[in-house]
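What follows is one structure encoded as structure tokens, with my remarks underneath.
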Amino acid sequence: MTQHLYALLVGIDEYPASVTSLKGCVSDVAAIATYLSKRVNRDGYELHLQTLRNGAATRQAVIDGFRHHLSQASKDDVVLFAYSGHGSWQEAPPGWWQLEPDRRYETLVCWDSRTDGSWDLADKELAQLIAEVADKGPQITVILDCCHSGSGTREELPEVRVRYVSPDPRDRPLSSYLVPFETSAAPQLTRSFPGENLAGSTLSQGRHVLLAACHESETAKEYAVAGNHHGAFSYFLMETLCKANSSLTYRDLFKRADVLIRNQVTGQSPQLEATHPEDLDRPFLGGAIAHHSPYFTLYHHTSYGWVIEGGAAHGIPVSSGEDTTQLAVFPLDSTPEQLRQRSAAIAQASVVEVLPQLSQVRLPGEVTLDPAMTYKAVVTSLPLPPIGVYLEGEPAGVELVRRAIAPHAGQPMSLYVREVDQRAEADLRVVSRDGQYWMTRAADERPLTGAIAGFNPESALRIAHRLEHVARWLLLLKLTAPAASRIPPDAVRLEIYQQDQPIQTAPIRLEYRNVLGQWQRPTFQIKLTNTSNEALYCTVLVLTELFAVQTGLFPAGGVWLRPGEEAWAGGGKPLRAALPQELWQQGITEYQDILKLIVSTVGFDPRLLAQGNLDAPSPAPTTTRGQAATGLSRLLQRVQTRKMRVEEEKEDWATGQVALLVVRPQHSK
């Protein structure tokens, strides 16, 4: 029986003059629409897509989208509502005061919300619409990429665009709301606002899962990649989905995306909530996303020439100069085993341009393929694009750093970083001020290290080395396997245990405890379980907040696991987390480590990636005696040394990550 997926996507960049315009909201919904059109399983699901952009996204149009489009969904169908635009808040009417201790409610700012005769869409109104759709029993997912700030007084950084607009100053008549004001009749979203206890509430709620860009006290930021603007939350959420070769659960999707967002955008903590907690372990969109085959179809397109049927929606990364996605081409009737043997390939190819649904491919000049035939193409190598750096401040200091990282004689002085013209497009930022160099993330002002004094070539080279150190760390954080890998995202399950119980929250909080007057560091354990049907080599890297990469959780850096086999890091002994004393003395009470899981069908040497805290020299790359020099090993070596790749047999690999947040109260000693 055919099931149905009803999606309502709302993206608003261009508001009337009274509301600040945005840049990435329409791009957000376009990316989701492309993803759905290419990845929904057409054998079992029929996609019904409605998109409201800019002026079409009026308050009434959004309401009609729920009541006339999404309400068609019945039991066993799937519903998705995604909103990218401004968020705000409003003073709550007296009938909602029992639900809102601060007497405020959050709102979505539709295109015409601040014009005569129209209003924001209140959170209770959105919840009412969700409850109406939920009445027939479909699985409902809500994605909100907007601000839910309880205060509009927060000062934002220049060039960092946020999705928040001040409250509507008009007195709103009670008759304009979709819901009555008796407490017992006002449904709610799953979002827990300050002071609310939804667990004990008897309010009517439509069953749904909510993925939200930030906590209610924060702002949702925009993020630029190669000049294209997106919401940071939407971008990393979609990047995670596109690079997965099969369905992820809501919990796993959130864990992976949450790590990327928190480490790219400061002061933004995504939220995952559900009216029924067991829904968090269901597949995203109810399993409507098709499993991705371990190869792409290569054929000759009338307009683009040779292409693969895989683009940005399938996780193909954008090329970085000559460093681009490499492919091995096979006959269409090749077996899965033959696809793993590079010797069976009939040609090599390179991706030259990534489109939303396709990628243009270049074949070597000596290779001739029949344009009337179709082929299979397997990813053999991924690009490692340099990290964008924005330089600002005193011209003399800026020029010295520019020379330290700029191309020279046709070759890049730094292979890890490149200068960008706009702060919004950068990952890192160097400030030259008062005779000193400071390095920060692009989206905030907090220095990542101490200052380097003096505007001279030596100091500029030191800041360039620091940039490269952080860039290697960021490349590892962003490292993901080819979308066509046959290894499913949950092939190896990584679990964190405390007191013999797995922790399910994200990020995982490890808190110092006061035991008999003594503050003790938290302990935890790391367990890996191979849930696949083949042996896999696994490692867990620790990416610390001081930009170290630690590889010592397993004796040789990694461990082989047969199907169904388990392994405990450190032999199962409790591991101690810590917030560095020097940071705690500066008033910092939270410290985040990231556990990066890498699994492969062949062995590799994770010790290639080890580096100390910022400015510490990296060890020379080593290879375990008798261990194969695999493609993954060479890719990891490129992260540390940027050496050119060498052709080798094809293996499959996959990645995952979990954040550990160590919390130490300021008053602890």
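The values are calculated or read from the model by the stated rules, or taken from the named source; none is laboratory data. Quick caveat, the model's predicted, so the values are computed rather than measured. Backbone-built Cβ (ideal geometry, glycine too); neighbour counts: all protein chains shown. We work out accessible area using only protein heavy atoms, side chains counted, and drop any ligands, DNA or RNA first. Shrake-Rupley method; radii C 1.70, N 1.55, O 1.52, S 1.80 Å.
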In terms of the alpha carbon gyration tensor, root eigenvalues a ≥ b ≥ c, rounded if a/c is under 1.5 and otherwise prolate when a/b exceeds b/c or oblate, the range 52-135 is oblate
Check: the range 423-523 dipole with +1 on Lys, Arg Cβ and -1 on Asp, Glu Cβ, in debye
40
Provide the packing ranking of 510-518, 449-457, 53-61, 467-475, i.e. peptides ordered by the mean count of other C-beta atoms within 10 Å per residue, highest first.
467-475, 53-61, 449-457, 510-518
Apply the Debye scattering formula to the range 494-547, with a single equal point scatterer on each alpha-carbon and no solvent, then give log10 I(q)/I(0) at q = 0.15, 0.20, 0.30 Å⁻¹.
-0.62, -0.95, -1.23
Count neighbours as other Cβ atoms within 10 Å of each site's Cβ, and list the GluC sites (Glu not before Pro) in the range 235-337 that are DSSP loop with at most 15 such neighbours.
Glu322
Charges only on Cβ, +1 for Lys and Arg, -1 for Asp and Glu: so what's the dipole of the range 283-439 about the Cα centre, in debye to the nearest 20?
220
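Using just the alpha carbons, could you tell me how many Å³ per residue the convex hull of the range 325-365 encloses? Write down the numbers at each step before the final one.
Values: hull volume 3.5 nm³, N = 41.
It comes to 86 Å³ per residue, whole-number rounded.
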Once the dipole of the range 412-497 is set up with Lys and Arg at +1 and Asp and Glu at -1 on Cβ about the Cα centre, which of Leu477, Gly435, Ile487 lies farthest towards its positive end?
Ile487
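Could you give the dipole magnitude of the range 487-531 about its Cα centre, charging the beta-carbon of Lys and Arg +1 and that of Asp and Glu -1, in debye to the nearest 20? Kindly include the intermediate steps, with their values, before the conclusion.
Values: 5 positive and 4 negative charges, 28 e Å.
Charge dipole of the range 487-531: 140 debye, to the nearest 20.
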Enter the accessible area of Thr302 (Å², nearest 10), with the probe set to 1.4 Å and all protein chains included.
140
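In nm², what is the average projected area of the convex hull enclosing the Cα atoms of the range 402-559?
Numbers: hull surface 61.0 nm².
The number I arrive at for the range 402-559 is 15.2 nm².
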